[in-house]
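I have placed the structure first, in the form of structure tokens, so that the comments after it can refer back to it.
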């Protein structure tokens, strides 16, 4: 089933997350981050941070905090067995820290196809801000959908 291009501009439900220091330590360990600024509050403060800073790619996971983080794809008629995360980019505006409440506001920015419709691409852009509206980062991700209805 083809992804409907009328989805372009659709705003998805915002997601709010209060950043926990324990999660930041766990995330830093999981990605192999050895800089103590991401796991030791004293090291973070010595580096000029008020608390543990959020590691750069941590922001990707905010939208995964929902009970069904891929419902928006299913609602668009996408067979989740046929998707691939194709690309991710981040543009940073400010550093977030443990204790901050962050709000992610995603929207579908583009839908297009290649290979005569055999591959469809959904571009999702997400603005992440502090609860007071201060911009933290803009994320862009590309989901690739294989369309089995099109012969390759």
Given (1) modelled with pLDDT of 90 or more; (2) touching a helix residue (DSSP H, G or I) at 6+ places or on another chain (Cβ under 9 Å); (3) in a loop (DSSP other than H, G, I, E, B), residue 149 misses just (1)
*Output yes when any residue across region 94-103 is over 14 Å from residue 62 (Cα atoms) and touching a helix residue (DSSP H, G or I) at 6+ places or on another chain (Cβ under 7 Å), and no when none is.*
no
(1) more than 14 Å from the chain's Cα centre (by Cα); (2) within 21 Å of residue 137 (Cβ to Cβ) all hold for residue 77 apart from (2)
Scanning region 15-52 for residues that are outside any loop (DSSP other than H, G, I, E, B), crowded, with 17+ Cβ neighbours inside 10 Å and touching a helix residue (DSSP H, G or I) at 6+ places or on another chain (Cβ under 6 Å) gives 15, 17, 27, 28, 37, 38, 44
Screening 30, 7, 21 for residues that are out of contact with any strand residue (DSSP E or B) (no Cβ under 7 Å at 6 or more places or on another chain) and within 23 Å of residue 88 (Cβ to Cβ) leaves only 30
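The values are calculated or read from the model by the stated rules, or taken from the named source; none is laboratory data. Note that the structure is predicted; figures quoted are calculated from it, not measured. Cβ sites come from the backbone with ideal geometry, for glycine too, and all protein chains shown count toward neighbours.
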